[in-house]
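Written out below as structure tokens is the structure these notes cover.
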Amino acid sequence: MRKSIIKGMGFYVPERVVTNADLEKIMDTSDAWIQERTGIRERRWVEPGKDTTSGMGVKAARMAIEQAGLSPSDIDFIVFATLSPDYYFPGPGVQVQEALEIDTIGALDVRNQCSGFVYGLSVADQYIRTGMYDNILVIGSELHSGGLDKTTRGRNVSVIFGDGAGAAVLSASPSDERGILSTHLHSEGKHARELALIGPSTQKWVDEILTQNDPDYTDYYPYMNGNFVFKHAVTRFPEVIREALDQNGLNASDIKLLVPHQANLRISQFVQRSMGLSDDQVYSNIMRYGNTTAASIPIALCEAIMEGKVKEGDLVCLAAFGSGFTWASALMNW
Ligand code: UT7
């Protein structure tokens, strides 16, 4: 069976830089707290009305397609991962099809939050392996800033998240030596409410939200039980990375570059230590972009490639953990 490779990558982040000092002006927080607990120095937030989740995804996708040496008409299928779509429905995959003026190909929307890109990559990998499609666009894009509680009440969530998009073109590998070795997907729905945005939804009707007179009503903002999520993340990340290595008879020392979902620098450092990896083996850019959920892995991988950190044949591992809970990994020979 043929393998799939990432043939091209692209990313886009909004121009507007929001530093920790900027946040100090709108809520009770400090640069010291944010850096110490998360490693984040700044993030990008869209200029309201300027960027959209689908639009950022399209920009990242154009770069990925160009880098792959293809044109939009070569794309057979679109997978779009996001928790912050432009509309409640339809999902943004179809908006990419329209913007890139691609024929009426299929467009699938993935709802797996921080693990969304790896889930999307796994789906695309199966289609390439079976020969159903040759070139698949996998996009992760998030516009968090419009939906955050930017007051002191929401500070444990709002200081972390940033906006941006990343994209990859997955194609049939020219050789058996290169390509995705395996992907590993997991979920544990009993923790769904520990990191969630509950309404508006079929469980929280718009009328119910609009008629709330309680100033403490916050169901329309993301909720995160930070400590609880942290503890699960530092267990699940190493577990799912080891699962991928074991399946392929490889060791942590074989990894050239681990690109973890950029959730929190402390989580990545914890994972690095518990896996016995060196600083060179783990890529981090959360300092500059914050946590961009489904976009964080493709943005980070794209930057790592642009910085020359990955060469042909290198063993690359992607790993993610987040809301659901869902977690996932992908191992590939670049
Ligand atoms: O990407 C999806 C998955 N998400 C994650 O993996 C995130 C996992 N969780 C985390 O990264 C961390 O739990 C946080 C960074 C969210 C929070 O760090 P923490 O060390 O767990 O802090 P905490 O929630 O235990 O809060 C400690 C203190 C509290 O004050 P008191 O009760 O000790 O007086 C908070 O009110 O820090 C306070 N606090 C803040 N202070 C300044 C919470 N947020 C802030 C803030 N600025 N932004």
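The values are calculated or read from the model by the stated rules, or taken from the named source; none is laboratory data. In this text, all values refer to a predicted model and were calculated from it rather than measured experimentally. Don't worry about glycine lacking a Cβ; one is built from the backbone with ideal geometry, like all the others, and counts go over all protein chains shown. We work out accessible area using only protein heavy atoms, side chains counted, and drop any ligands, DNA or RNA first. Shrake-Rupley method; radii C 1.70, N 1.55, O 1.52, S 1.80 Å.
Among (1) within 30 Å of residue 316 (Cα to Cα); (2) more than 16 Å from the ligand (Cβ to nearest atom); (3) open to solvent by less than 50 Å² (accessible area, probe 1.4 Å), where does residue 217 come up short?
(1)
Filter the stretch 107-123 for residues that are touching a Gly at 6+ places or on another chain (Cβ under 9 Å) and open to solvent by 30 Å² or more (accessible area, probe 1.4 Å); which is nearest to residue 291 (Cα to Cα)?
Going through the qualifying residues, I end up with 112.
Just checking, how many residues over the stretch 239-275 are polar (S, T, N, Q) and within 16 Å of the ligand (Cβ to nearest atom)?
6
Condition first: within 16 Å of the ligand (Cβ to nearest atom), of a type in the set (S, T, N, Q), in contact with a helix residue (DSSP H, G or I) (Cβ under 8 Å, 6 or more places away or on another chain) and open to solvent by 20 Å² or more (accessible area, probe 1.4 Å). Can you find one or more residues in the stretch 279-300 that meet it?
yes
Output yes when any residue across the stretch 152-162 is away from the ligand (no atom under 16 Å from the Cβ), within 30 Å of residue 60 (Cβ to Cβ), touching a strand residue (DSSP E or B) at 6+ places or on another chain (Cβ under 6 Å) and in contact (Cβ under 8 Å) with a residue 24 or more places away in the chain, and no when none is.
No - not one qualifying residue is present in the stretch 152-162.
Does residue 316 satisfy the criteria of being more than 14 Å from the ligand (Cβ to nearest atom), open to solvent by 10 Å² or more (accessible area, probe 1.4 Å), of a type in the set (A, V, I, L, M, F, W, C) and more than 30 Å from residue 193 (Cα to Cα)?
Considered against the rule, which asks whether it is more than 14 Å from the ligand (Cβ to nearest atom), open to solvent by 10 Å² or more (accessible area, probe 1.4 Å), of a type in the set (A, V, I, L, M, F, W, C) and more than 30 Å from residue 193 (Cα to Cα), residue 316 comes out as no.
Please go through the stretch 64-83 and pick out each residue that is within 17 Å of the chain's Cα centre (by Cα) and open to solvent by 20 Å² or more (accessible area, probe 1.4 Å).
Of everything in the stretch 64-83, just one residue is within 17 Å of the chain's Cα centre (by Cα) and open to solvent by 20 Å² or more (accessible area, probe 1.4 Å), namely 83.
Just to be sure before I move on: is residue 19 within 14 Å of the ligand (Cβ to nearest atom) and surrounded by fewer than 19 Cβ atoms within 10 Å (Cβ to Cβ) in the structure I sent?
yes
Considering only the stretch 88-106, state which residues are among the β-branched types (Val, Ile, Thr), assigned to a loop (DSSP other than H, G, I, E, B) and either loosely packed, with under 11 Cβ neighbours inside 10 Å or in contact (Cβ under 8 Å) with a residue 40 or more places away in the chain (or both).
Passing the criteria: only 104.
Quick check on my filter: what residues within the stretch 139-169 are within 17 Å of residue 26 (Cα to Cα), aliphatic (A, V, I, L, M) and part of a loop (DSSP other than H, G, I, E, B)?
Answer for the stretch 139-169, where residues must be within 17 Å of residue 26 (Cα to Cα), aliphatic (A, V, I, L, M) and part of a loop (DSSP other than H, G, I, E, B): 148, 159, 160.
Counting only residues that are under 17 Å from residue 291 (Cβ atoms) and in a loop (DSSP other than H, G, I, E, B), which one in the stretch 1-15 is farthest from the chain's Cα centre (by Cα)?
Per the criteria, the residue is 14.
Among the residues of the stretch 35-56, write down those that are under 22 Å from residue 82 (Cβ atoms), in a loop (DSSP other than H, G, I, E, B) and either within 16 Å of the ligand (Cβ to nearest atom) or touching a strand residue (DSSP E or B) at 6+ places or on another chain (Cβ under 6 Å) (or both).
Passing the criteria: 40, 45.
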